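The values are calculated or read from the model by the stated rules, or taken from the named source; none is laboratory data. Since the model is a prediction, treat every value here as computed from it, not as a measurement. Counting neighbours? That spans all protein chains shown, and the Cβs are built from the backbone with ideal geometry, glycine included. Quick note on the areas: whole protein, heavy atoms, side chains included, nothing else; ligands and nucleic acids left out. Shrake-Rupley method; radii C 1.70, N 1.55, O 1.52, S 1.80 Å.
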Amino acid sequence: MTRLLTVIAAVAALAAPVAAQAAPPVGKTGKIRVLYLDQSVGFRHKPVTRPENSNGPTLSEVTLAEIGAKSGFTVESTQDARVITPEKLKDIDVLAFYTTGELPIPAEAWAAIQTWVESGKGGFIGLHSATDTHWDYTGPGQTYTAFINGKFAGHPWTQGTPITVQALGGKDPVNTAWPARFSYAEEIYQYSDYDPGKVRVLQALDFTDMALKRPWFVPITWTREIGHGRLFQTNLGHTPSTWSDPRYRAQIVEAVRWTAHRTPGTAKPNPDEQALWALRSLLAYDGRPKAEVEARLAKLAKADPAWRRDAAARTAALRPLWPAKPDSDKAPFDAAYKAVLDEVLAKSS
């Protein structure tokens, strides 16, 4: 079932001129139309759960309608992926997912979505568990996991866990709502099938002052350019209170405008910056004082970039070695961890 939650007038901000290099494709003017899919085939989160004994809108549907009404875009919400057809794509500008599990998206529909994004006619937004979503696909283009650039691989940081979020990527139009560094409490995913060379990370965990640490890089928010199209993904949004946070709401507005080509901004990948943050995570996990971590990173920043990326990849390879249970054999992890740590310490001495 599809419901049109709100129809509103465009605001003047949407008509503001943009830089020539970020100019939208022909036809990308006027009111932005968002199609929001919050279907759960796997775990169902509270922000996408309908009220008990009701077919009323979910918390996230209501929130998107509210911020759309204030910001100049319409939102049509559905919990049925089968409504996303090649014909439907002609009537929208942005496709947003807050989904889980194996969605019922036919191969021809997914191929059409990819073509629509690559052409610049449409943009894609993933919220929280959009990375905990998949389906079999062997057609042209990419699988969904490759498209969004990550797959859920556990969440050591469960709901309510204190975290520290750090901005990366410099000043970016999709990351102006949040402070450069802030403390929060959220459920945060770590990922498999993640390629740092494909995305520009805008927010990540900083373990230097967190109790629950891991020796690998954990991105939270990233952007990507696919052909002429734009993609935005954020892990934030698990907790209902996050949906009430004006900063989160503002970031969604920024993401809608950016993916719809209404605001400028590149998504040039920043793998070298990500690599340094991976080494930061490693040193913080080892219990090094923050001042020492900063001093070593200053030296590592001058190291060979190829070596830094390789060392970062080796920290990422530690994740699948992490013991599945407290009594699991930790020897393979410990050996791989010590090898990369010793090398990083030697390089930064």
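Structural remarks
- In degrees, nearest ten, helix 59-71 long axis to first principal axis of the chain (Cα): 70
- Region 44-190 shape via C-alpha gyration tensor axes, a/c threshold 1.5: rounded
- DSSP bridge analysis restricted to the chain gives an antiparallel fraction near 55%, rounded to the nearest 5.
- Apportionment of accessible area to carbon and sulfur, region 197-305, percent (1.4 Å): 56
- Note on residue 180 and residue 136: their simple-model spin labels are 5.0 nm apart, each label 7 Å out from Cα toward Cβ.
- Extension reserve of the residue 241-residue 291 stretch, reckoned as 0.36 nm per residue once the Cα distance is removed: 14.6 nm
- GNM top mover of 259, 234, 63 - the chain, alpha-carbon springs below 10 Å: 63
- Less than 5 angstrom separates the built amide H of residue 260 from none of the residues sequence-distant by 5 or more or on a different chain.
- Helix 305-316 and the long axis of the chain differ in direction by around 80°, with both axes built from C-alpha atoms.
- Region 250-289: C-alpha gyration tensor shape, a/c 1.5 cut-off, then a/b vs b/c: prolate
- Cβ-derived FRET efficiency at R0 22 Å, residue 80 paired with residue 118, nearest 0.05: 0.35
- Which listed pairs, of 46/325; 213/330; 88/121; 290/325; 31/70; 198/330, have C-alpha distances above 23 Å, in listed order: 46/325; 290/325; 198/330
- The residues of the chain have, on average, 41 Å² of accessible surface per residue, using a 1.4 Å probe with all protein chains present.
- An oblate overall shape is assigned to region 278-324, the ratio a/c of its alpha-carbon gyration tensor axes (a ≥ b ≥ c) being 1.5 or greater and a/b not exceeding b/c.
- Stretch gain in nm, segment residue 250-residue 329, where the contour uses 0.36 nm per residue and the Cα spacing is subtracted: 24.0 nm
- Degrees, to the nearest 10: 331-347 long Cα axis against longest axis of the chain: 80
- Nearest-0.05 FRET efficiency for residue 54 and residue 313, computed from C-beta distance (R0 45 Å): 0.40
- Label separation (residue 164 vs residue 349): 2.7 nm, computed from points 7 Å beyond Cα along the C-beta direction.
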